[in-house]
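As structure tokens, the structure follows; a few thoughts come after it.
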Amino acid sequence: MKLPVVLRPRERRFALVAAVLIGSWMFLSWVVQPLWHQVHALGLHVETQMSKLAAVTRLLAHSAAIARAYQEARPYLEVSDDEQTRGTFLDQLETLAQRSHVQLNLKPRPVLSDERLSRFGVELDVEGPQESLLAFLDALLRLPRLMTVDRLQLSTVPTKTDTLRASLLVHKLTLQ
């Protein structure tokens, strides 16, 4: 039978130093480094959550102003686009014309839709005295509706001296 290997004192010291170095490397690689990465990741997570909390706190501090701004913009942000809302828009145009004492001709156009917006076009021919026509145009542009004026042509009526004619193409925009 063979005897176990007997190490001399110098070899025992080298073996002990090698075992300590290997053990230290294993401890650092398998315990300390994963813990360090986890602490770093948790620090980033905490920092992100703190910045989100600060943003929410700022929004809550300004919530009254945000609510007022939303209430002011709310009439412009219609989301229903059906025959009834288009009819209401045409009725509003006729009411504006009656209040301004101008003659109005309406020519509705087909609805154009894309993924986020639908456009209901109306061609308006308006005729009346200059003050009344400008009052109508001012009231039209002050309507609480999201709309674009694609064309506006003003001209005089040759047979009537104090009468102006305006031709407009108005698109009422509705969010979808």
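Descriptive notes on the structure:
- Residue separation of R109 and I66 scaled by 0.36 nm, minus their Cα-Cα distance, works out to 11.9 nm of gained length.
- Our summary gives the chain a relative contact order of 20 percent, counting only alpha carbon pairs under 8 angstrom and 6 or more residues apart.
- For the range 14-32 versus the range 89-148, the spacing of their alpha-carbon centroids is 84 Å.
- Nearest-0.05 FRET efficiency for L53 and A15, computed from C-beta distance (R0 45 Å): 0.25
- Helix axis angle, 130-141 relative to the chain longest principal axis, alpha carbon, degrees: 20 degrees
- When the range 37-167 is described by a simple charge dipole with +1 on each Lys and Arg Cβ and -1 on each Asp and Glu Cβ, the residue from F136, Q71, P158 located farthest towards its positive end is Q71.
- Rg and Dmax over the alpha-carbon atoms of the range 15-104 stand at 33.2, 108 Å.
- Residue (of G121, A97, L7) at the positive-pole extreme of the chain, dipole from beta-carbon charges: L7
- On Cα atoms only, tilt of 9-27 relative to the major axis of the chain in degrees: 20 degrees
- Rounded to the nearest 20 debye, the dipole size of the chain about its Cα centre is 1800 debye, using +1 on the Cβ of Lys and Arg and -1 on the Cβ of Asp and Glu.
- Over the chain, equivalent-ellipsoid semi-axes from the Cα gyration tensor in Å: 83, 18, 14
- GNM top mover of L35, L134, L146 - the chain, alpha-carbon springs below 10 Å: L35
- Each peptide in 163-173, 59-69, 97-107 was scored by the mean count of other Cβ atoms within 10 Å over its residues; highest first, the order is 163-173, 97-107, 59-69.
- Estimated D of the range 59-129 in µm² per second, where Rh is the Kirkwood radius over Cα pairs and Stokes-Einstein applies at 37 °C, 0.692 mPa s: 220 µm²/s
- Taking every C-alpha pair closer than 8 Å and separated by at least 6 residues, the mean separation divided by the residue count of the range 103-176 gives a relative contact order of 38 percent.
- Computed over the range 80-140: relative contact order in percent, which uses C-alpha pairs under 8 Å that are six or more apart: 34 percent
- FRET efficiency for the L7 to Q33 pair, using the beta carbon distance and R₀ = 30 Å, is estimated at 0.40.
- T88-Q153 FRET efficiency (beta carbon distance; Förster radius 30 Å; 0.05 resolution): 0.70
- Model label sites at H45 and L117, defined 7 Å from Cα along the beta-carbon direction, differ in position by 4.3 nm.
- Within the listed set P108, P158, P75, the residue fluctuating most in the Gaussian network model of the chain (springs between alpha-carbon atoms under 10 angstrom) is P158.
- log10 of Debye I(q)/I(0), alpha-carbon scatterers only, for the range 96-146 at 0.15, 0.18, 0.30 Å⁻¹: -0.49, -0.65, -1.13
- Straight-line cross-link partners of K172 among the lysines, defined as a Cα under 29 Å from its Cα and at least 8 positions apart when in the same chain: K107.
No value in this document is a laboratory result; all are computed from the given coordinates. In this text the structure is predicted, and so the values were computed from the model without any measurement. Positions of Cβ are backbone-derived with ideal geometry, glycine not excepted, and every protein chain shown enters the neighbour counts.
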